[in-house]
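Remarks on the structure that follows.
The values are calculated or read from the model by the stated rules, or taken from the named source; none is laboratory data. Predicted, not measured: the structure shown is a model, and the values here were computed from it. Positions of Cβ are backbone-derived with ideal geometry, glycine not excepted, and every protein chain shown enters the neighbour counts. We work out accessible area using only protein heavy atoms, side chains counted, and drop any ligands, DNA or RNA first. Shrake-Rupley method; radii C 1.70, N 1.55, O 1.52, S 1.80 Å.
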Amino acid sequence: MPSLGRLHLITDTRPGRDPLAVVRAALTVAHADLVVQVRVEDSATDREAYDLTRRVLALCAPYQATCLVNDRLHVALAAGAAGGHVGADDLPVAAARRVLGPAGVLGATARAPGPAREAVAAGASYLGVGPCHTTSTKSGLPDPIGPAGVRAVVDAVDVPVIAIGGVTAARVPALRAAGAYGVAVVGAVSTAADPALATAELIEALTC
């Protein structure tokens, strides 16, 4: 598996957003510490997802940053991404591992020790754990688990745990203290007035 960056930036493709500009700004600061997770709206076509992934891959290449695709593993394979991430309503982890093969990076979503252990046993390379805090980026999420919930998962598995959900630079130290390897963000960077500065603040918090 490629070395996993500590800052995961999930693309924001909602109307009015410019995900490529945000990725470009973040890469200039984070370099290989950045993992870009291409996530598109449910209404987006596979062709749109593929085209966005190819463009993100081209931006990532000079920095040796990792590009993953959320949910649509066939798009990840077709575009040449390093792997993908599956949520609770996507393919089961074992099936996703069969799709990606043994070498692909496979992230899985978990929020409790039991499901986390099951996901790792089924082939997850890392876990996205949360939501840690309240977030408005995605609707229908369960209640936040906080740093204590992250710690419970960290203690149960031996793969990197990426904390997600309402993450800001100010909240990173507590999540790192809880054992999180890194964090995943959407709004903290994509809605920032200066995405590069927001990225720098997150990277500084992750490496302190």
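Listed values, structure above:
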{"item": "Filter result for ALA184 (part of a loop (DSSP other than H, G, I, E, B) and aliphatic (A, V, I, L, M))", "result": "no"}
{"item": "Residue list for the stretch 199-208, restricted to those being hydrophobic (A, V, I, L, M, F, W, C) and either open to solvent by 10 Å² or more (accessible area, probe 1.4 Å) or without any contact (Cβ under 8 Å) to a residue 40 or more places away in the chain (or both)", "result": "ALA200, ILE203, ALA205, CYS208"}
{"item": "ALA188 vs. criteria over 22 Å from ALA122 (Cβ atoms), in contact with a helix residue (DSSP H, G or I) (Cβ under 7 Å, 6 or more places away or on another chain) and open to solvent by 30 Å² or more (accessible area, probe 1.4 Å)", "result": "yes"}
{"item": "From VAL93, VAL40, VAL105, residue being open to solvent by less than 20 Å² (accessible area, probe 1.4 Å) and hydrophobic (A, V, I, L, M, F, W, C)", "result": "VAL105"}
{"item": "From VAL129, VAL150, residue being within 22 Å of ASP12 (Cα to Cα), crowded, with 19+ Cβ neighbours inside 10 Å and at pLDDT 95 or above", "result": "VAL129"}
{"item": "Residues (touching a Pro at 6+ places or on another chain (Cβ under 8 Å), open to solvent by less than 30 Å² (accessible area, probe 1.4 Å) and in contact (Cβ under 8 Å) with a residue 40 or more places away in the chain) located in the stretch 158-179", "result": "LEU175"}
